[in-house]
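Each remark here refers to the structure printed beneath this line.
The values are calculated or read from the model by the stated rules, or taken from the named source; none is laboratory data. Everything numeric here is computed off the predicted structure, so don't read it as measured data. Cβ placement follows ideal geometry from the backbone for every residue including glycine, while neighbour counts extend to all protein chains displayed.
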């Protein structure tokens, strides 16, 4: 697994003591191209898995503001302004806007854009593993397509 393929939040919390993280196969790598997302149900929780330029991130699809389905929101860039009446768009595809009230979150770590130190969406670790390690995943005799996106919850 390369650093390019793994999107782990810098401060992602490990599983609580006494509880092991469980692996959940999300899809094959070719089923989740850059700029796309896949929302899945894991043990009754809706979780969005995102491919941001070849790195994978996952967020609980529940906005901390009013519990909206966060991962169904619009993916966009971060709008910055170096001076009045001028704006630039940075980090295209890394900012998720809540579909109900427009709160924005950084997909790479779950932190809110307006108050990153106090408000955040729950984030999860995501890795890319070889499919032949999981017999429940249907695989085909090709090399690149044998990778799957795996969510650790």
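Screening residue 139 on (1) at pLDDT below 75; (2) closer than 21 Å to residue 80 by Cβ shows it passes everything except condition (2).
Whether any residue in region 76-98 is touching a helix residue (DSSP H, G or I) at 6+ places or on another chain (Cβ under 7 Å), surrounded by 16 or more Cβ atoms within 10 Å (Cβ to Cβ) and closer than 19 Å to residue 120 by Cα is what I want to check. So far as region 76-98 goes, yes, one or more of its residues are touching a helix residue (DSSP H, G or I) at 6+ places or on another chain (Cβ under 7 Å), surrounded by 16 or more Cβ atoms within 10 Å (Cβ to Cβ) and closer than 19 Å to residue 120 by Cα. Of all positions in region 57-75, none carries a residue that is closer than 16 Å to residue 124 by Cβ, in contact (Cβ under 8 Å) with a residue 60 or more places away in the chain, loosely packed, with under 12 Cβ neighbours inside 10 Å and out of contact with any strand residue (DSSP E or B) (no Cβ under 6 Å at 6 or more places or on another chain). Within region 142-153, the set of residues being more than 21 Å from residue 39 (Cβ to Cβ) and either touching a strand residue (DSSP E or B) at 6+ places or on another chain (Cβ under 8 Å) or modelled with pLDDT of 55 or more (or both) comprises 145, 146. In this entry, residue 37 passes the filter for residues that are in contact with a helix residue (DSSP H, G or I) (Cβ under 9 Å, 6 or more places away or on another chain) and modelled with pLDDT of 90 or more.
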